[in-house]
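Note sheet for the following structure.
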Amino acid sequence: MKEILAKILNHEELTREETKGVLIGITRNEYPTEQITALITGLQMRGITVDELLGFRDGILETGVPVPLHADRYIDVVGTGGDRKNTFNISTTSCFVIAGAGYKVAKHGNYAATSTSGASNVIANHGVKFTDDLDRLNRCLDECGIVYLHAQLFARAMKFVGPIRKALPFPTFFNLLGPIVNPSQPQCQLLGVANLDQMRLYNNVYQKIGIDYGIVNTIDGYDEISLTGDFKVTTNHYERIFTPNDLGFANALPEELVAGANEQEAKEIFDAVLENRCLPAQKNIVLANAAFGIQVLERGQKSIEECIEIARESIDSGAALKTFTKFVQLNS
């Protein structure tokens, strides 16, 4: 570790194998807390590279619980978080819309860090019990097209750095790892990022991992398609800036996206979207995010207009709600 820290102080980049080894060493309690804190702080000040991030990812997946799923192609829809916008559970709602449209989804998530309600909060508040039982997870994917992977059951390495991360007054590169350590290693992902620097970083990460992806950012700082203004989308196939009007939607107001003051209010919005009784802006935002996820699954072969209509049918027909109801039944 002293050699690693010396490299960082000398502004040298670490290799993918070096950061993987460091992560594994952390899980074996090989380093004192002070050295781990210095490592995290040094990398945060310098900025992490693609290979360094991938090495930490390799270490987390190797020391964690793998989840082999019985499906050839499925997607995760997730945001980096940390945009401080306190939006309702847009990614999670979009996942059930995608599953309702007949696609497979493996949603990876956790409790909220900076917002009212994270994916695990809103799902647990419906009575769902999280599990790492592979038979139950695969049964759920088979019977309702979606499975939920609560991060704390799988990424064992994170508990070793949890107290340090809480003690530090700034976000660290571990925040960037969340979206890319889904233990089922999906072949498709739609990722929302809070800024264009993160978009460039993950674009390079996904190209090295070799999956089908879409990365989205709303220019006014949302880590999802918020429809509050122009937004950028980068995929394997194109890079483009869209306006809400390009998709046939009106601009949304920031207050229409807010999760509410507590978990119960966030749950009510989640339910209202799936039950098709929400604000028009809330439905449109979920349709937009679900549509770009569907386009990733379709390898870019369907237009975004076609994908919006597929997502709309999932809500309007009640299929998304039926999928969620079945999911709760299987996991309660």
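The values are calculated or read from the model by the stated rules, or taken from the named source; none is laboratory data. Keep in mind that what you see is a predicted model, and the values were worked out from it rather than measured. Heads up, the Cβs are rebuilt from the backbone with ideal geometry, glycines too, and the neighbour counts pull from every protein chain shown. Calculation scope for accessible area: heavy atoms of the full protein, side chains included, ligands and nucleic acids excluded. Shrake-Rupley method; radii C 1.70, N 1.55, O 1.52, S 1.80 Å.
Okay, residues lined up against (1) buried (at least 24 other Cβ atoms within 10 Å of the Cβ); (2) closer than 18 Å to A194 by Cβ; (3) of a type outside the set (G, A, S):
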| site | (1), (2), (3) |
| --- | --- |
| Q44 | no, yes, yes |
| L69 | no, no, yes |
| K107 | yes, no, yes |
| A112 | no, yes, no |
| T116 | no, yes, yes |
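Based on what the data block shows, is Y103 in contact with a Leu (Cβ under 6 Å, 6 or more places away or on another chain), open to solvent by 10 Å² or more (accessible area, probe 1.4 Å) and of a type in the set (F, W, Y)?
Considered against the rule, which asks whether it is in contact with a Leu (Cβ under 6 Å, 6 or more places away or on another chain), open to solvent by 10 Å² or more (accessible area, probe 1.4 Å) and of a type in the set (F, W, Y), Y103 comes out as yes.
Please list, ordered by first then second residue, the pairs with beta carbon atoms under 8 Å, 6 or more apart or interchain, first in the range 196-214 and farther than 14 Å from G47 by Cβ, second open to solvent by less than 30 Å² (accessible area, probe 1.4 Å) and of a type in the set (G, A, S).
G214/G293
Could you give me the residue pairs with C-beta distances under 7 Å whose first residue belongs to the range 131-146 and is among the charged types (D, E, K, R), whose second residue is part of a loop (DSSP other than H, G, I, E, B) wherever it lies, and which are 6+ apart or on separate chains?
So the pair list comes out as D132/V65; D132/F154; D142/H70.
Which of the residues spanning the range 200-214 are open to solvent by less than 10 Å² (accessible area, probe 1.4 Å) and more than 21 Å from R16 (Cβ to Cβ)?
Correct list: G214 only.
Could you please find all residues in the range 268-308 being of a type in the set (D, E, K, R) and either open to solvent by less than 10 Å² (accessible area, probe 1.4 Å) or within 12 Å of E256 (Cβ to Cβ) (or both)?
First, the residues of the range 268-308 that are of a type in the set (D, E, K, R): 268, 271, 275, 277, 283, 298-299, 302, 305-306.
Of everything in the range 268-308, just one residue is of a type in the set (D, E, K, R) and either open to solvent by less than 10 Å² (accessible area, probe 1.4 Å) or within 12 Å of E256 (Cβ to Cβ) (or both), namely K283.
Mind listing just one residue for me: the one in the range 71-85 that is more than 15 Å from Q189 (Cβ to Cβ) and open to solvent by 40 Å² or more (accessible area, probe 1.4 Å) and, of those, farthest from the chain's Cα centre (by Cα)?
D72
Quickly run through the range 275-296 and pick out the residues that are within 20 Å of K322 (Cβ to Cβ) and out of contact with any Ser or Thr (no Cβ under 7 Å at 6 or more places or on another chain).
E275, N276, R277, C278, Q282, K283, L287, A291, I294
Give me the helices (runs of 4 or more DSSP H) completely within the range 5-78, filtered to those with at least 3 residues that are in contact (Cβ under 8 Å) with a residue 60 or more places away in the chain and farther than 24 Å from N204 by Cβ, ordered by residue number. Working first, answer last.
Details: elements: 16-27, 33-46, 50-63.
Hits in the range 5-78: 33-46.
Which numbered condition in (1) in a loop (DSSP other than H, G, I, E, B); (2) open to solvent by 10 Å² or more (accessible area, probe 1.4 Å); (3) in contact with a Ser or Thr (Cβ under 9 Å, 6 or more places away or on another chain); (4) of a type outside the set (A, V, I, L, M) is the only one that T131 fails?
(3)
In the range 225-237, which residues are touching a Ser or Thr at 6+ places or on another chain (Cβ under 9 Å) and part of a strand (DSSP E or B)?
Result: F231, K232.
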